[in-house]
Amino acid sequence: MDESPTPVIAELEVLAKSVQELSLKSEKLPENFIYRGCDGGLLDAPLPVVHEIPVVDLSLLTPPSETIEELEKLQSGLSSWGCIQVVNHGMTSSFLDQVRQITKQFFELPMEEKKKYSREIGDIEGYGNDMILSEHQTLDWTDRLYLTIYPEDHRRFKFWPENPKAFSEVLKEYTEKIRKLTEVIFKAMARSLNLEEDCFWNQYGERAIMNARFNYYPPCPWPDLVLGIKPHADGSAITFLLQDNEVEGLQICKDNQWFKVPIVPHALLVNVGDQVEIMSNGILKSPVHRVVTNSEKERSTVAVFCIPEPEKEIGPIDKLVNESRPRLYKTVKSYVEIYFEHYQQGKRPIDAAKI
Ligand SMILES: O=C(O)CCC(=O)C(=O)O
Ligand SMILES: [Fe+2]
């Protein structure tokens with residue numbers, strides 16, 4: 001991400017409007033939002049809802065209260081769908097609603113106010129929309145606020161909204177709570193695979209990075225042609241997603257078929273990212289997912305990407321490599337850089353780590 005963009009692309013970025021502005025004014029769909037992948041034109045076709053994504057009770061994944069049944073649910077969810085919905089995570093519904101509320105309030109601010117936190121060209125942090133990496137890129141129907149939230153000394157407060165007033169306090173508390181959950185989940189993942197409980201956590205590192213992405217999807221008059229977010233898998237180790245509590249939109253791909261992810265209002269969706277797929281030698285799956293648009297309703301979500309310390313070597317845990325399961329991935333470092341390089345070329349980044 002350090003390379004400076006070419007002049008043409010930089011110009012396109014400057015010209016790009018927020019999707020929110022487009023949704024208010026657009027009579028005609030700008031070409032570069034039309035998704036031309038294999039389902040292009042049929043994006044709003046009815047789909048099955050996945051009821052099998054396990055709802056996992058985190059209070060039953062913490063020794064001494066841990067149960068085998070809950071560990072099995074965690075493992076089966078993460079190895080089949082690549083995600084689970086977690087409940088009893090230590091955050092009240094009213095706190096989760098506060099996180100949803102600061103998100104909505106920020107995106108409701110006048111454009112001038114939001115633009116105070118604008119992302120700069122070539123930087124990922126701040127308010128804006130798609131980083132334009134190629135002239136042929138299909139754009140996502142979403143505006144975002146992207147912030148580094150952990151470690152604390154990595155926070156760049158010039159991008160943290162002062163309005164709504166509660167924004168920073170709520171986000172700091174949310175960060176602390178998610179950080180604790182990360183440790184619980186990494187250790188439970190290891191135990192669920194009969195491994196030393198610290199093996200994933202040690203690769204992840206004490207000063208692992210957490211980035212928050214606040215996603216706002218305005219209503220879109222062309223839900224058949226435009227995606228909120230194109231198909232991708234996350235480059236994180238794991239991701240926590242706080243979904244909108246009323247409007248669906250997230251879909252997950254399994255066996256070449258798209259499924260709608262249901263809203264479980266008090267739950268957080270936890271999905272595996274590419275780096276845990278690598279650490280687990282492919283047992284835990286980093287799911288390809290996308291977001292569809294809605295012609296009437298806006299939707300907002302908060303994703304927290306948990307990313308290993310950049311200096312850490314990430315590779316398959318020895319015990320998960322054997323004759324019947326040969327090593328599938330190389331050891332990688334600073335995977336996020338590899339991720340963006342490949343994403344830009346329209347490739348699946350994890351393929352670069354395959355042996
Ligand atoms: O908004 C959503 O439902 C998913 C967001 C997502 O996939 C992402 O931010 O990587
Ligand atoms: Fe994602």
For Pro310, only one of the following conditions fails: (1) assigned to a loop (DSSP other than H, G, I, E, B); (2) in contact with a helix residue (DSSP H, G or I) (Cβ under 9 Å, 6 or more places away or on another chain); (3) away from ligand 1 (no atom under 16 Å from the Cβ); (4) modelled with pLDDT of 95 or more. What is its number?
(4)
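Yes or no, residue by residue, for (1) surrounded by 14 or more Cβ atoms within 10 Å (Cβ to Cβ); (2) among the aromatic types (Phe, Trp, Tyr); (3) not in a helix (DSSP H, G or I):
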| residue | (1), (2), (3) |
| --- | --- |
| Val86 | yes, no, yes |
| Met91 | yes, no, yes |
| Ser94 | no, no, no |
| Arg100 | yes, no, no |
| Lys116 | yes, no, no |
| Asp123 | yes, no, yes |
| Asp130 | yes, no, yes |
| Trp141 | yes, yes, yes |
| Asp153 | no, no, no |
One residue is enough: does segment 173-193 have a residue meeting the conditions part of a helix (DSSP H, G or I), within 15 Å of ligand 1 (Cβ to nearest atom), in contact (Cβ under 8 Å) with a residue 60 or more places away in the chain and out of contact with any His (no Cβ under 6 Å at 6 or more places or on another chain)?
yes
How many of the residues making up segment 276-289 are closer than 23 Å to Trp258 by Cα and touching a strand residue (DSSP E or B) at 6+ places or on another chain (Cβ under 9 Å)?
9
Considering only residues that are touching a residue at least 24 places away in the same chain (Cβ under 8 Å) and out of contact with any Pro (no Cβ under 7 Å at 6 or more places or on another chain), look in segment 197-208 and name the one that is surrounded by the most Cβ atoms within 10 Å (Cβ to Cβ).
Phe200
Which one of Val276, Val270, Val302, Val291 is within 30 Å of Asn194 (Cβ to Cβ), within 13 Å of ligand 2 (Cβ to nearest atom), modelled with pLDDT of 95 or more and among the hydrophobic types (A, V, I, L, M, F, W, C)?
Val270
Given the structure, is Asn294 within 16 Å of ligand 1 (Cβ to nearest atom), part of a loop (DSSP other than H, G, I, E, B) and not aromatic (Phe, Trp, Tyr)?
yes
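The values are calculated or read from the model by the stated rules, or taken from the named source; none is laboratory data. A quick note: this is a predicted structure, and the numbers were derived from the prediction, not measured. Glycine gets a Cβ as well: all are built from the backbone with ideal geometry, and neighbour counts include every protein chain shown.
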